[in-house]
Amino acid sequence: MEFKNQGNADAGSFWIDLYKDRDTAPTKGQKLEREKGLTGDYFTLISSLAKGATGSTTFTYTYNSSGTKKIWAQIDTDGDVTESNEDNNIYGPYDHEVTIPSITHTPIASATYNEPILITAEVSSEVGISSAKVYFRKGGEGEYTSISMSNTSSYQATIPSTYVTERGLEYYIKVEDIYGNIATSPEENASLSPYTVRVNFSSLSFPFTTQTKKWQMISVPVELDSSDPNSVLVDDLGEQDNTKWKLYRWNTANGSYDEYLNIPDNFTPGKAFWLITRDQKSIDVGQGKSTDTSGDYAIDLAPGWSQIANPFAFSVNWNDVKVRRNGETLSVQQAQANGWIRDTIWYWDGNEYIYYQAPDGVLEPWKGYWVKALLSCTLLVSPLESEKTKILSTSSKSCEKYLQIITRVGNLKDSYNFIGLSNNAKDSYDKEDIEEAPPISPYISLSFPHFNWGKDSGSYTQDIRGIPNTKSYPEKIIWNMQVRTDQIGKTVSLEWKNTDAIPEEYNLYLTDDNENVLCNIRKVNTYSFVTSTGKDNFRIVATTEKLSPLSKDLTLTEVYTYPNPANNVANIHFSLGKDANVTIRIYTISGELVKTLVENKSYPAGSYTEVWQLDNEKGERIARGVYILLIKATGSSKTLIKTAKVAVIK
């Protein structure tokens, strides 16, 4: 392109823009905002041009479609040079006939696992072909790998077998002529909407074995030819036997678990199940094909808790998942704000729940997760692989900000429970509050119940309140706390960390349900009790007042048995106000010893239940009648004895 300064003065710098296909002329004297990309298709800056001088520049441009193209050129586009005639700076249109290469290709719809794929195409050009390539990637990958096509009787290229996996395959063809004009197959948005290949496999195994006597939430991220639990599991685990393996799935409508053989769902992508095995096992899911990666995968949710899974055989970001309801589609965080769904996923790590709140969290294949919907909606999982390798869980982040409370019984624990204060929180439900996912037996679960929060009512694992006015602290902030377990009669411990998360102006106490102080949690960091019902209620009280703990004198109260009369067993209940050694004996009415149930056993302060099988010292069933229960508690300074009558019937 040539241009000339026809004026009487030298010209400073100015822009030249070229438009390679435009129906109408550019606007005269427009001030293009170049930093925003508002320019011609091609542009260059001329540093200066002396009066009467002629200059030239070269533009190289390409097309990806055939037809008549209208070319325009514009000099001094931004009006940097003052001219006597501003009307002669636009030139065009110049008609230019373009013919791009032609590609004829029959897409590959399916392939065999770990076998190469031959891609063939008929390619032609009026001016000659410069290059022809196949771009391919495993399903979900962000970057393509390319390979040149050889020209024999047709253009051909072979995709290596290592790319043909349970993830599926995506590819497109790109051809360039000697002038740089480009054609693709598919024609439109080839890199964003490539051809997708479903990969068939004859067998496929879980990438991990089951854990011995530990629950795992599992899923299958492919489409199986036979997806019913019987076909997937029995050949590897044997016929169902509760002593060898169990399979559960949550029934959202009922709010409880369905147990195999009564689970109505199959191992289809997007669904998760609980599995426990007595022995470590490998599981082969049989034959099937990769999940379709040509679009989002839909997972329908009913209101309540659901066990969901990643439908693809590669990791995806939880934050990339969309939520659709009544034709409207939102991000997970927007759906949370609209009251459709919680923006948190809960994951079982083999010992306890950890949770991730969007934008954190990755859905890994073959695993399962909890989500909670408030309204009927649909999750849309995009086939985009996560680039994140390690993400700190939201529960781990809370350890740094809030007071953490951990509960344990035996080998079971529930660590990620938090209370605290935040400028972002309210005393009613808000995004800072996170619910407790449903347990699976055996379990220990600590939560903060809120059954007066309307549609947000439930049990919460994180309960964060608004920060009060620092000039006038309220007298008291109370967190109700409940510990639930199916380990009846076992010793449960509570432990707390990071008490500095609560302002130092507050005294912090653990109390019972009646606000009797059990301990000052700024001075001690543990408390233990024996659960007799599996549901024990406490409170965490933050107050500007100083409260006195319960008397440390030894007390022996609440001595009784149930049921009374007893037929099969008698549950013996008692409470201690202080640590003591306890002996429990049963006598006949005449005073003869029948059974020593407990002999000088150490108990911490708390409430307990011991079970008598209605037998004597030899393990023989006793006769019907009335018996005397005697409980002796010995402390550091005194001994207490209480008695009660037990009626035994047959």
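The values are calculated or read from the model by the stated rules, or taken from the named source; none is laboratory data. Only a predicted model underlies this, so the values are computations on that prediction, with no experimental measurement involved. Here the Cβ is made from the backbone with ideal geometry for all residues, glycine too, and neighbour counts use every protein chain on show. For accessibility, only protein heavy atoms count, side chains too; no ligands or nucleic acids. Shrake-Rupley method; radii C 1.70, N 1.55, O 1.52, S 1.80 Å.
Residue 384 sits among other residues whose Cβ lies under 15 Å from its own Cβ, and their net charge, with Lys and Arg +1 and Asp and Glu -1, is -4.
Taking all protein chains into account, the per residue accessible area for segment 586-633 stands at 53 Å² (1.4 Å probe). With θ taken as phi - 60° and the Karplus curve 6.51 cos²θ - 1.76 cosθ + 1.60 applied, the whole-hertz 3J(HN,Hα) list for segment 298-309 is 9, 10, 7, 10, 9, x, x, 7, 9, 8, 10, 8 Hz, x standing for glycine and proline. For the chain, the antiparallel share of DSSP beta bridges with both residues in that region comes to about 95%. Share of carbon and sulfur in the accessible area of the chain stands at 44%, probe radius 1.4 Å.
In order along segment 461-467, the phi-based Karplus estimate (6.51 cos²θ - 1.76 cosθ + 1.60, θ = phi - 60°) of 3J(HN,Hα) comes to 8, 9, 10, 10, 9, x, 6 Hz; Gly and Pro are listed as x.
With charges set only on the Cβ (+1 for Lys and Arg, -1 for Asp and Glu), what does the dipole of the chain come to about its Cα centre, in debye to the nearest 20?
Dipole about the Cα centre, nearest 20: 3500 debye.
What does the net charge come to around residue 304 if you take all other residues with beta carbon closer than 12 Å to its beta carbon, with K and R at +1 and D and E at -1?
That works out to +2.
Taking amide H atoms as placed 1.01 Å from N in the peptide plane, the amide H of residue 315 lies under 5 Å from those of 386, each 5 or more residues away in sequence or on another chain.
Classify segment 140-193 from the C-alpha gyration tensor, please: rounded if a/c falls under 1.5, else prolate or oblate depending on whether a/b exceeds b/c. Taking the square roots of the gyration eigenvalues as a ≥ b ≥ c, segment 140-193 is oblate.
Given a Förster radius of 35 Å and the C-beta distance between residue 378 and residue 178 as r, what FRET efficiency does 1/(1 + (r/R0)^6) yield to the nearest 0.05? About 0.10, to the nearest 0.05. Note on residue 191 and residue 22: with the Förster distance fixed at 22 Å, the Cβ-Cβ geometry gives a FRET efficiency of about 0.30. When the listed pairs 213/618; 372/397; 214/578; 214/322; 476/632 are checked against a 28 Å cut-off, the alpha-carbon distance exceeds it for 213/618; 214/578; 214/322; 476/632. Over all other residues within a Cβ to Cβ distance under 14 Å of residue 102, the charged ones net out to -4, with Lys and Arg as +1 and Asp and Glu as -1. Look at the Cα gyration tensor of segment 485-555: its axes a ≥ b ≥ c give a/c of at least 1.5 with a/b over b/c, and that counts as prolate. Annotation: amide H of residue 285 within the under-5 Å range of 204, 205, 206, sequence separation 5 or more or interchain, hydrogens built in the peptide plane. Using the Karplus relation 6.51 cos²θ - 1.76 cosθ + 1.60 with θ = phi - 60°, the per-residue 3J(HN,Hα) values for segment 109-126 come to 8, 8, 8, 9, 3, 6, 10, x, 10, 8, 9, 10, 7, 9, 10, 9, 7, 6 Hz, with x marking Gly and Pro. Cross-link partners of residue 535 among lysines, defined as those whose alpha carbon lies under 17 angstrom from its own and excluding same-chain residues fewer than eight positions apart: 413, 490.
Accessible area per residue for segment 346-499, computed on protein heavy atoms with a 1.4 Å probe, is 41 Å². For segment 255-414, just say rounded, prolate or oblate: build the C-alpha gyration tensor, square-root its eigenvalues into a ≥ b ≥ c, call rounded for a/c under 1.5, and beyond that prolate if a/b exceeds b/c, oblate if not. It comes out rounded by the Cα gyration axes. In this rough spin-label picture, where each label sits 7 Å from Cα along the Cβ direction, the residue 253-residue 122 distance is 5.4 nm. Set the Cα radius of gyration of the chain against 2.2 N^0.38 Å, with N its number of residues, and you get 1.43.
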